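Each remark here refers to the structure printed beneath this line.
The values are calculated or read from the model by the stated rules, or taken from the named source; none is laboratory data. On a predicted model such as this, the values are computed, not experimentally measured, just so you know. Neighbour counts run over all protein chains shown; Cβ positions are idealised from the backbone, glycine included.
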């Protein structure tokens, strides 16, 4: 019994070529390359150019020689971060209650600080110095002294203020003198005496500050 035969018999070489063409994937650069499928569907195709382009891109790193911020202690200088902070706080006195009441720092030292203020512009309705203005200059003088006494990197914050009014004044200037009663690592207490132009004591007070 005879078997039907193909019109064009396959040679061994043609069979091998047919198997290889079916088993090998499409070229990466050909239109039939595999698609990249994202959450919302196909987004592109993987090509040899995409691989080569990704590896050819240079990665930029910041220059290690450049500092993004100013050096708080320049080379060859005795300026420290603490003194720089104190200078910033002194410059920040502009635009504060000190400027509103016309206060002027006469002496700025941890052991003795003097601040003066004109009575004009700080009176109450009866024509004498306002008690709130007196309290303000007491706290200001003690705070300026506390900043001078603060450890490196610390800023004093007032925690308790006491004021005793002893005499009224209606003109001229008043001066607040702050001297330390206690200087610790975390707290400082300053006593403040307020006098008029005739050196008469018009008020006394204390301020306890915390270093933060």
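Evaluate the following for residue 115: is it in contact (Cβ under 8 Å) with a residue 60 or more places away in the chain, under 16 Å from residue 93 (Cβ atoms) and surrounded by fewer than 20 Cβ atoms within 10 Å (Cβ to Cβ)? Talk me through it step by step, then tell me what you get.
Numbers: in contact (Cβ under 8 Å) with a residue 60 or more places away in the chain: yes; under 16 Å from residue 93 (Cβ atoms): yes; surrounded by fewer than 20 Cβ atoms within 10 Å (Cβ to Cβ): no.
Against the criterion (in contact (Cβ under 8 Å) with a residue 60 or more places away in the chain, under 16 Å from residue 93 (Cβ atoms) and surrounded by fewer than 20 Cβ atoms within 10 Å (Cβ to Cβ)), residue 115 does not qualify.
More than 29 Å from the chain's Cα centre (by Cα) and either surrounded by 17 or more Cβ atoms within 10 Å (Cβ to Cβ) or in contact (Cβ under 8 Å) with a residue 24 or more places away in the chain (or both): does that describe residue 124? Working first, answer last.
On the way: more than 29 Å from the chain's Cα centre (by Cα): yes; either surrounded by 17 or more Cβ atoms within 10 Å (Cβ to Cβ) or in contact (Cβ under 8 Å) with a residue 24 or more places away in the chain (or both): no.
When the stated conditions are applied, residue 124 does not pass them.
Considering region 94-104 alone, what residues qualify as being surrounded by fewer than 16 Cβ atoms within 10 Å (Cβ to Cβ) and closer than 17 Å to residue 207 by Cβ? Please lay out each step first, then the result.
So the first thing to find is which residues in region 94-104 are surrounded by fewer than 16 Cβ atoms within 10 Å (Cβ to Cβ), and the list is 94-97, 99-100, 102, 104.
Answer for region 94-104, where residues must be surrounded by fewer than 16 Cβ atoms within 10 Å (Cβ to Cβ) and closer than 17 Å to residue 207 by Cβ: 96, 97.
Is one or more of the residues making up region 183-196 surrounded by 13 or more Cβ atoms within 10 Å (Cβ to Cβ), over 38 Å from the mean Cα position of the chain (by Cα) and either at pLDDT 95 or above or not in a loop (DSSP other than H, G, I, E, B) (or both)? Show your work before the answer.
Residues of region 183-196 surrounded by 13 or more Cβ atoms within 10 Å (Cβ to Cβ): 183, 187-196.
With the extra rule that they be over 38 Å from the mean Cα position of the chain (by Cα), the set shrinks to 195-196.
In the following step, the residues that additionally are either at pLDDT 95 or above or not in a loop (DSSP other than H, G, I, E, B) (or both) were identified as 195-196.
Within region 183-196, one or more residues are surrounded by 13 or more Cβ atoms within 10 Å (Cβ to Cβ), over 38 Å from the mean Cα position of the chain (by Cα) and either at pLDDT 95 or above or not in a loop (DSSP other than H, G, I, E, B) (or both).
Within region 148-182, how many residues turn out to be more than 22 Å from residue 104 (Cα to Cα) and crowded, with 16+ Cβ neighbours inside 10 Å?
Residues that pass the stated criteria total 1.
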